[in-house]
Amino acid sequence: MSQPTEAAPSAAAPSDAAAPPAPRVLVADDHPLWLAALERDLAARGVDIVGTAVDGPAAVRRTRAARPDVLVLDLNLPGMRGDEVCRALGDMPTRVLILSASGEQHDVLAAIKAGATGYLVKSASPAEILDAVLATARGEAVFTPGLAGLVLGEFRRMGAEPEAAPEGPDRSRPIPQLTARETEILRLVATGMGSKEIAAQLVLSHRTVQNHVQNTLGKLHLHNRVELVRFALAHGLEDEDPAGA
């Protein structure tokens, strides 16, 4: 009878060992009931809540003190707006997911330009919010359906303003400090594809794609995937056809 008892833990051990650590999250919102419900829902699903804040200045102070993986941030906070909080934390590796009642274009673009990694409206379901928090912790850009195209279009417009990247035979390596594979993945990031989609297209593991994205962020001295998209569009990388490479 001891054999089945011993077999079960050994079978489960690899998956337990491979499970990523729970993301450390700080939640900032000035509505107490919403804040308490969101904190409770995320904690019940295994997220490590390291703090909360009810105004902009407190969100900045507590994020700097706790250094969470993700700051879930309401856009309209007393003291400082969400985009102002993003700018104040621009030197930190913490990724910011805006969770707002507003889906207005100017609010979305202001937050993303200020450095937010993603933007979700509060009408999202608890499961969608959890998925967004986990994806943000992995460095993926998450948007309420319909907003991703808006953000990508704005980045294309902004990317057209800098001087165009030079044409020529070295176009396949327009960023000298990146490897060919990193450049290939960067092109796909510029089209708005997520890590899982990139992994499927290039027949790589999800973890391998994530590692390449993180290496690219480090080499280019960028903080998040949104900045990476903006960089790629500014260099014209989305104009190439990665499938034909």
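How high is the relative contact order of region 74-121? Use alpha-carbon pairs under 8 Å, at least six apart in sequence, and give a whole percent.
In percent, rounded to a whole number, it is 44.
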Inter-label distance for Asn76 and Asn215, nm, one decimal - labels placed 7 Å from Cα along Cα-to-Cβ: 4.5 nm
At 0.36 nm per residue, minus the direct Cα-Cα distance, what do Gln105 and Ser125 gain on full extension? Give it in nm, one decimal, please. 5.1 nm
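No value in this document is a laboratory result; all are computed from the given coordinates. This structure is a prediction, so every number in the text was calculated from the model and none was measured. Heads up, the Cβs are rebuilt from the backbone with ideal geometry, glycines too, and the neighbour counts pull from every protein chain shown.
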